[in-house]
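Structure first, then comments.
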Amino acid sequence: MKSSHVLLIPVFMATSVHADVLSDLSPFLGSSRPDYDPASLQPDSAMENPSYAPFSPADSDLGVQQILGTYSGRSPVNVTFDTSASYTGNAPGETSLDDEAAWFSASRLAVSWRPRIAYGWFADIGLAQGIYRFEGSKARDFENFEPYIGVVKSIPDLDDLIFFARYEYQRITTGSLSDGDYSAQRIRTGLQKNLLLTSRYQLSAGVDAAFDISANPDALERNSYSVDMSYTYWIADKLSSTLSWTGSMWDFRHDGREDLSQIVGLELTWMPCENTRIFTNIFYTNIDSNAALGANDYEAWQSGIGLGLNHSF
(Lines give C-alpha, C1' and ligand atoms only; values in the text may rest on other atoms or scores of the structure.)
Protein backbone atom coordinates (compact mmCIF):
# COMPACT_ATOMS: atom_id res chain seq x y z
CA MET A 1 0.00 0.00 0.00
CA LYS A 2 1.42 3.38 -0.99
CA SER A 3 2.39 5.16 2.25
CA SER A 4 0.20 8.23 1.66
CA HIS A 5 -2.82 5.99 1.10
CA VAL A 6 -2.84 4.84 4.72
CA LEU A 7 -4.30 8.28 5.46
CA LEU A 8 -7.43 7.28 3.54
CA ILE A 9 -8.30 4.66 6.13
CA PRO A 10 -10.76 6.95 8.03
CA VAL A 11 -12.86 6.91 4.85
CA PHE A 12 -13.61 3.24 5.43
CA MET A 13 -14.29 3.46 9.16
CA ALA A 14 -17.85 3.89 10.38
CA THR A 15 -16.80 5.23 13.79
CA SER A 16 -16.97 8.64 15.43
CA VAL A 17 -14.93 9.74 18.39
CA HIS A 18 -17.46 12.34 19.44
CA ALA A 19 -20.42 9.97 19.35
CA ASP A 20 -18.37 7.33 21.17
CA VAL A 21 -17.65 9.56 24.18
CA LEU A 22 -21.09 11.13 24.39
CA SER A 23 -23.08 7.91 24.12
CA ASP A 24 -21.18 6.16 26.91
CA LEU A 25 -21.42 9.12 29.26
CA SER A 26 -25.00 10.21 28.55
CA PRO A 27 -26.50 8.25 31.50
CA PHE A 28 -24.39 10.39 33.86
CA LEU A 29 -25.35 13.75 32.35
CA GLY A 30 -28.29 15.87 33.44
CA SER A 31 -29.50 19.41 33.88
CA SER A 32 -26.83 21.74 35.25
CA ARG A 33 -29.39 24.34 36.38
CA PRO A 34 -31.90 22.56 38.69
CA ASP A 35 -34.58 24.70 40.34
CA TYR A 36 -34.07 23.00 43.72
CA ASP A 37 -31.27 22.01 46.05
CA PRO A 38 -30.28 18.42 45.18
CA ALA A 39 -28.44 18.04 48.51
CA SER A 40 -31.76 17.81 50.35
CA LEU A 41 -32.82 14.81 48.26
CA GLN A 42 -30.16 12.52 49.76
CA PRO A 43 -29.70 10.03 46.90
CA ASP A 44 -27.42 7.90 49.10
CA SER A 45 -30.42 6.86 51.18
CA ALA A 46 -32.96 6.78 48.36
CA MET A 47 -33.20 3.00 48.42
CA GLU A 48 -34.26 2.86 52.08
CA ASN A 49 -36.15 6.18 52.22
CA PRO A 50 -37.54 7.07 48.78
CA SER A 51 -37.78 10.77 47.98
CA TYR A 52 -39.35 12.57 45.06
CA ALA A 53 -38.47 15.46 42.79
CA PRO A 54 -40.29 18.79 43.30
CA PHE A 55 -43.51 19.34 41.38
CA SER A 56 -43.14 20.64 37.81
CA PRO A 57 -45.71 21.49 35.10
CA ALA A 58 -44.87 18.25 33.28
CA ASP A 59 -45.85 15.99 36.16
CA SER A 60 -49.35 15.52 34.75
CA ASP A 61 -47.79 13.81 31.73
CA LEU A 62 -44.80 12.08 33.30
CA GLY A 63 -46.14 11.11 36.69
CA VAL A 64 -44.37 11.31 40.03
CA GLN A 65 -40.56 11.39 39.65
CA GLN A 66 -38.75 9.30 42.26
CA ILE A 67 -35.10 10.05 43.02
CA LEU A 68 -32.95 7.03 42.20
CA GLY A 69 -30.30 5.76 44.56
CA THR A 70 -26.57 6.18 44.03
CA TYR A 71 -25.07 3.46 41.83
CA SER A 72 -22.10 1.84 43.57
CA GLY A 73 -21.31 -1.09 41.26
CA ARG A 74 -18.52 -1.46 38.71
CA SER A 75 -18.95 0.59 35.55
CA PRO A 76 -19.88 -1.68 32.63
CA VAL A 77 -17.43 -2.86 30.00
CA ASN A 78 -18.91 -2.19 26.56
CA VAL A 79 -18.24 -4.55 23.65
CA THR A 80 -19.35 -3.66 20.11
CA PHE A 81 -19.02 -5.53 16.85
CA ASP A 82 -19.89 -4.06 13.46
CA THR A 83 -19.71 -5.72 10.06
CA SER A 84 -20.74 -4.27 6.71
CA ALA A 85 -20.53 -4.69 2.95
CA SER A 86 -20.00 -1.50 0.96
CA TYR A 87 -19.24 -0.19 -2.52
CA THR A 88 -16.81 2.67 -3.11
CA GLY A 89 -16.23 4.56 -6.31
CA ASN A 90 -12.53 5.00 -5.55
CA ALA A 91 -10.65 2.29 -3.65
CA PRO A 92 -7.02 3.32 -2.96
CA GLY A 93 -4.53 1.16 -4.83
CA GLU A 94 -0.74 0.84 -4.63
CA THR A 95 -0.48 4.10 -6.60
CA SER A 96 -3.08 6.69 -7.59
CA LEU A 97 -3.18 5.13 -11.08
CA ASP A 98 -4.52 1.93 -9.50
CA ASP A 99 -7.46 3.63 -7.75
CA GLU A 100 -10.76 2.20 -8.97
CA ALA A 101 -14.29 1.27 -7.91
CA ALA A 102 -14.61 -1.79 -5.67
CA TRP A 103 -16.72 -3.72 -3.20
CA PHE A 104 -15.25 -4.15 0.26
CA SER A 105 -16.16 -5.65 3.61
CA ALA A 106 -15.40 -4.03 6.96
CA SER A 107 -15.52 -5.68 10.38
CA ARG A 108 -14.60 -4.03 13.67
CA LEU A 109 -14.50 -5.32 17.24
CA ALA A 110 -14.13 -2.73 20.01
CA VAL A 111 -13.98 -2.92 23.81
CA SER A 112 -14.26 0.18 26.02
CA TRP A 113 -14.45 0.88 29.74
CA ARG A 114 -15.16 4.27 31.32
CA PRO A 115 -15.22 3.89 35.11
CA ARG A 116 -16.10 6.93 37.17
CA ILE A 117 -13.12 8.37 39.07
CA ALA A 118 -14.48 11.38 41.05
CA TYR A 119 -15.85 14.90 40.61
CA GLY A 120 -17.08 14.30 37.08
CA TRP A 121 -13.88 12.59 35.90
CA PHE A 122 -13.94 9.20 34.14
CA ALA A 123 -11.13 6.94 33.01
CA ASP A 124 -11.19 6.20 29.27
CA ILE A 125 -9.74 2.81 28.31
CA GLY A 126 -10.30 0.81 25.14
CA LEU A 127 -9.02 -0.96 22.08
CA ALA A 128 -10.36 -1.79 18.63
CA GLN A 129 -9.37 -4.08 15.77
CA GLY A 130 -10.71 -3.51 12.27
CA ILE A 131 -10.37 -5.79 9.23
CA TYR A 132 -10.99 -4.49 5.68
CA ARG A 133 -11.12 -6.67 2.58
CA PHE A 134 -11.49 -5.46 -1.04
CA GLU A 135 -12.90 -7.37 -4.02
CA GLY A 136 -12.44 -6.75 -7.73
CA SER A 137 -9.74 -4.06 -7.53
CA LYS A 138 -6.02 -3.52 -6.97
CA ALA A 139 -6.62 -2.08 -3.51
CA ARG A 140 -4.77 -3.99 -0.80
CA ASP A 141 -6.53 -5.53 2.19
CA PHE A 142 -5.56 -4.03 5.56
CA GLU A 143 -6.10 -4.22 9.30
CA ASN A 144 -6.21 -1.37 11.81
CA PHE A 145 -5.38 -1.81 15.50
CA GLU A 146 -6.04 1.06 17.97
CA PRO A 147 -5.64 0.85 21.77
CA TYR A 148 -5.99 4.00 23.89
CA ILE A 149 -6.07 5.23 27.47
CA GLY A 150 -7.06 8.61 28.87
CA VAL A 151 -9.58 10.61 30.89
CA VAL A 152 -12.97 12.22 30.29
CA LYS A 153 -14.45 15.09 32.29
CA SER A 154 -18.07 16.21 32.45
CA ILE A 155 -18.42 19.96 33.16
CA PRO A 156 -21.93 20.65 34.57
CA ASP A 157 -21.30 24.41 34.85
CA LEU A 158 -20.97 24.51 31.05
CA ASP A 159 -24.19 22.56 30.51
CA ASP A 160 -22.50 19.13 30.54
CA LEU A 161 -19.71 19.97 28.11
CA ILE A 162 -17.43 16.94 27.72
CA PHE A 163 -13.63 17.30 27.79
CA PHE A 164 -11.41 14.35 26.90
CA ALA A 165 -7.69 13.67 26.55
CA ARG A 166 -6.04 10.37 25.75
CA TYR A 167 -2.96 8.58 24.46
CA GLU A 168 -3.53 6.55 21.29
CA TYR A 169 -1.47 3.98 19.44
CA GLN A 170 -2.31 2.98 15.87
CA ARG A 171 -0.87 0.19 13.76
CA ILE A 172 -1.91 -0.58 10.19
CA THR A 173 -1.04 -3.90 8.60
CA THR A 174 -1.68 -5.07 5.03
CA GLY A 175 -3.21 -8.50 4.70
CA SER A 176 -1.28 -10.00 7.63
CA LEU A 177 -1.03 -8.90 11.26
CA SER A 178 2.77 -9.23 11.01
CA ASP A 179 3.19 -6.92 7.99
CA GLY A 180 3.14 -3.42 9.42
CA ASP A 181 2.93 -0.52 6.95
CA TYR A 182 2.25 2.28 9.39
CA SER A 183 2.33 2.96 13.12
CA ALA A 184 1.93 6.08 15.22
CA GLN A 185 1.68 7.26 18.80
CA ARG A 186 -0.31 10.41 19.48
CA ILE A 187 -2.04 12.53 22.09
CA ARG A 188 -5.63 13.51 21.27
CA THR A 189 -7.74 16.04 23.16
CA GLY A 190 -11.04 17.71 22.49
CA LEU A 191 -14.49 18.95 23.53
CA GLN A 192 -17.91 17.48 22.74
CA LYS A 193 -21.42 18.68 23.42
CA ASN A 194 -25.07 17.86 22.88
CA LEU A 195 -26.37 21.15 21.48
CA LEU A 196 -30.01 20.07 21.25
CA LEU A 197 -31.61 17.00 22.78
CA THR A 198 -35.31 16.13 22.69
CA SER A 199 -37.32 12.93 22.52
CA ARG A 200 -37.29 13.15 18.71
CA TYR A 201 -33.97 14.63 17.66
CA GLN A 202 -30.41 15.29 18.79
CA LEU A 203 -27.80 17.75 17.51
CA SER A 204 -24.25 17.29 18.78
CA ALA A 205 -20.85 18.71 17.87
CA GLY A 206 -17.20 18.26 18.75
CA VAL A 207 -13.72 19.62 18.15
CA ASP A 208 -10.45 17.77 18.69
CA ALA A 209 -6.73 18.04 18.04
CA ALA A 210 -4.25 15.17 17.75
CA PHE A 211 -0.47 15.49 17.94
CA ASP A 212 1.79 12.67 16.78
CA ILE A 213 4.53 11.73 19.22
CA SER A 214 6.11 9.47 16.60
CA ALA A 215 5.18 7.88 13.30
CA ASN A 216 6.60 5.22 11.01
CA PRO A 217 7.28 6.18 8.25
CA ASP A 218 8.52 9.56 9.50
CA ALA A 219 7.08 11.35 6.46
CA LEU A 220 3.55 10.75 7.79
CA GLU A 221 4.16 12.35 11.20
CA ARG A 222 1.58 15.11 11.59
CA ASN A 223 -0.80 17.13 13.74
CA SER A 224 -4.50 17.03 12.91
CA TYR A 225 -7.43 19.29 13.80
CA SER A 226 -11.07 18.27 13.34
CA VAL A 227 -14.59 19.61 13.72
CA ASP A 228 -17.63 17.34 13.52
CA MET A 229 -21.39 17.71 13.75
CA SER A 230 -24.21 15.17 13.67
CA TYR A 231 -27.98 15.45 13.63
CA THR A 232 -30.09 12.42 14.52
CA TYR A 233 -33.86 12.25 14.03
CA TRP A 234 -35.95 9.38 15.38
CA ILE A 235 -38.49 8.52 12.69
CA ALA A 236 -39.98 5.91 15.02
CA ASP A 237 -38.99 4.39 18.34
CA LYS A 238 -36.63 1.91 16.66
CA LEU A 239 -35.85 3.77 13.43
CA SER A 240 -33.55 6.78 13.17
CA SER A 241 -31.60 8.74 10.58
CA THR A 242 -28.30 10.57 11.16
CA LEU A 243 -26.72 13.28 9.03
CA SER A 244 -23.04 13.87 9.86
CA TRP A 245 -20.16 16.06 8.73
CA THR A 246 -16.48 15.98 9.67
CA GLY A 247 -13.91 18.53 8.53
CA SER A 248 -10.21 18.01 9.23
CA MET A 249 -6.83 19.57 8.54
CA TRP A 250 -3.69 17.42 8.55
CA ASP A 251 -0.53 19.46 9.12
CA PHE A 252 2.49 17.32 8.25
CA ARG A 253 5.82 18.08 9.90
CA HIS A 254 7.88 17.29 6.80
CA ASP A 255 7.88 18.94 3.36
CA GLY A 256 5.23 21.53 4.34
CA ARG A 257 2.36 19.28 3.28
CA GLU A 258 -1.19 20.17 4.34
CA ASP A 259 -4.36 18.20 3.59
CA LEU A 260 -7.94 19.40 4.05
CA SER A 261 -10.61 16.71 4.22
CA GLN A 262 -14.39 16.57 4.47
CA ILE A 263 -16.61 13.55 5.06
CA VAL A 264 -20.39 13.94 4.76
CA GLY A 265 -22.66 11.00 5.55
CA LEU A 266 -26.28 9.96 5.88
CA GLU A 267 -27.19 6.79 7.80
CA LEU A 268 -30.49 5.03 8.43
CA THR A 269 -30.55 2.74 11.48
CA TRP A 270 -33.13 0.21 12.64
CA MET A 271 -32.83 -1.40 16.08
CA PRO A 272 -34.97 -4.57 16.17
CA CYS A 273 -33.86 -5.08 19.79
CA GLU A 274 -31.79 -3.26 22.38
CA ASN A 275 -28.43 -4.79 21.48
CA THR A 276 -28.75 -5.07 17.69
CA ARG A 277 -28.83 -2.52 14.92
CA ILE A 278 -29.14 -2.82 11.15
CA PHE A 279 -27.93 0.13 9.15
CA THR A 280 -27.44 1.46 5.64
CA ASN A 281 -25.46 4.56 4.74
CA ILE A 282 -23.93 6.73 2.08
CA PHE A 283 -20.79 8.88 2.46
CA TYR A 284 -19.00 11.45 0.32
CA THR A 285 -15.29 12.11 0.95
CA ASN A 286 -13.07 14.85 -0.44
CA ILE A 287 -9.38 15.38 0.37
CA ASP A 288 -7.59 18.45 -1.02
CA SER A 289 -3.81 18.44 -0.59
CA ASN A 290 -1.24 21.11 -1.41
CA ALA A 291 1.04 18.43 -2.90
CA ALA A 292 2.21 19.17 -6.44
CA LEU A 293 0.02 18.02 -9.36
CA GLY A 294 -2.72 16.88 -6.98
CA ALA A 295 -0.70 13.81 -6.01
CA ASN A 296 -2.56 13.32 -2.72
CA ASP A 297 -6.00 14.58 -3.71
CA TYR A 298 -8.87 12.13 -3.30
CA GLU A 299 -12.62 12.03 -3.89
CA ALA A 300 -15.10 9.18 -3.52
CA TRP A 301 -18.68 8.11 -2.86
CA GLN A 302 -19.30 5.11 -0.63
CA SER A 303 -22.49 3.24 0.26
CA GLY A 304 -23.23 0.07 2.17
CA ILE A 305 -25.34 -1.98 4.55
CA GLY A 306 -24.33 -3.56 7.81
CA LEU A 307 -25.09 -5.14 11.18
CA GLY A 308 -24.01 -3.96 14.61
CA LEU A 309 -24.08 -5.81 17.94
CA ASN A 310 -23.31 -4.51 21.43
CA HIS A 311 -23.06 -6.10 24.85
CA SER A 312 -22.22 -4.74 28.30
CA PHE A 313 -21.10 -6.67 31.36
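Among residues of the range 256-267 that are free of Cβ contacts under 8 Å to residues at least 12 places away in the same chain, none has a Cβ under 9 angstrom from a residue that is in a strand (DSSP E or B) and of a type in the set (A, V, I, L, M) at a sequence gap of 6+ or on a separate chain.
Condition test on I305, is it in a strand (DSSP E or B), without any contact (Cβ under 8 Å) to a residue 12 or more places away in the chain, at negative phi and surrounded by fewer than 19 Cβ atoms within 10 Å (Cβ to Cβ)? No.
A count restricted to the range 198-239 and to residues that are among the aromatic types (F, W, Y) and either assigned to a loop (DSSP other than H, G, I, E, B) or farther than 30 Å from D181 by Cβ (or both) stands at 4. When G294 is tested against the conditions (1) surrounded by 14 or more Cβ atoms within 10 Å (Cβ to Cβ); (2) of a type in the set (G, A, S); (3) free of Cβ contacts under 8 Å to residues at least 60 places away in the same chain, the lone failure is (1). The single residue among Y201, Y233 that is more than 16 Å from the chain's Cα centre (by Cα) and modelled with pLDDT under 95 turns out to be Y201.
Just one of the listed residues (D237, D228) is of a type in the set (D, E, K, R), closer than 27 Å to T276 by Cβ and touching a Phe, Trp or Tyr at 6+ places or on another chain (Cβ under 7 Å), and it is D228.
Checked against the criteria, W121 counts as aromatic (F, W, Y) and surrounded by fewer than 15 Cβ atoms within 10 Å (Cβ to Cβ).
The values are calculated or read from the model by the stated rules, or taken from the named source; none is laboratory data. It should be emphasised that the depicted structure is a prediction, and the values quoted were computed from it without experimental measurement. Glycine also receives a Cβ, built like all others from the backbone with ideal geometry; neighbour counts cover every protein chain displayed.
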